Every structure is written in C-alpha cells, then in structure tokens.
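Let me begin by presenting the structure, written as structure tokens, before commenting on it.
Each reported figure results from applying straightforward, stated rules to the coordinates on display, with no laboratory input. The structure displayed is predicted, hence computed values, not measured ones. In this analysis, Cβ positions are derived from the backbone assuming ideal geometry, glycine residues included, and neighbour counts consider all displayed protein chains.
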Amino acid sequence: MLKIIIDQNLCCGSARCIDICPEKAISLVDGKAVLDESKCDFDGICIPACPKGAIDYEDEYKDVGCGF
Ligand code: SF4
C-alpha cells in the first residue's frame, strides 16, 4: 500500500500542503504537518507543494505517483 511520509525534521510549518490537499488529510500540530492516513488518497499532490521537500512517498514507493 502507498504511504506518504512527512519528515517532521524538515517541516517548516508553511501549511502549503494543508492548503493544497483536496482530502483535508493534513493538519498542523505544534507547528508541524501531520497526516491523517485515513483521509489520504495518496495522490501525491502535497509532495511538490512543500517548499522544504519534507513530504514524499515512502522509499519503496517513490516514482509511482503523478505528483499532480
Ligand atoms: S497525498 Fe494527496 S490526499 Fe494525501 S495528504 Fe497529500 S495531497 Fe492530501
């Protein structure tokens, strides 16, 4: 199963991923983006939206999404 990973160490709390996610699957907790996997459809729209590159597919699933 696809999995989106948000690197908490890279997240700057810009909330751009929150604004762009059509499923409203990401929220800010203590200034860091947190994913609700029960809402995520793993389309990968949030990946290019992050200015810090903090969001990506889990390593084994990289390069499978369209990114848009
Ligand atoms: S992969 Fe898609 S649905 Fe999941 S958090 Fe990112 S934008 Fe939202």
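Among the residues that make up the stretch 16-25, is at least one of them in contact with a helix residue (DSSP H, G or I) (Cβ under 7 Å, 6 or more places away or on another chain), in contact (Cβ under 8 Å) with a residue 24 or more places away in the chain, near the ligand (Cβ under 10 Å from one of its atoms) and not in a loop (DSSP other than H, G, I, E, B)?
yes
I'm checking my understanding of the structure. Among residues of the stretch 26-46 that are assigned to a strand (DSSP E or B) and under 21 Å from GLU60 (Cα atoms), which one is farthest from the ligand (Cβ to nearest atom)?
Ranking the candidates gives VAL34 first.
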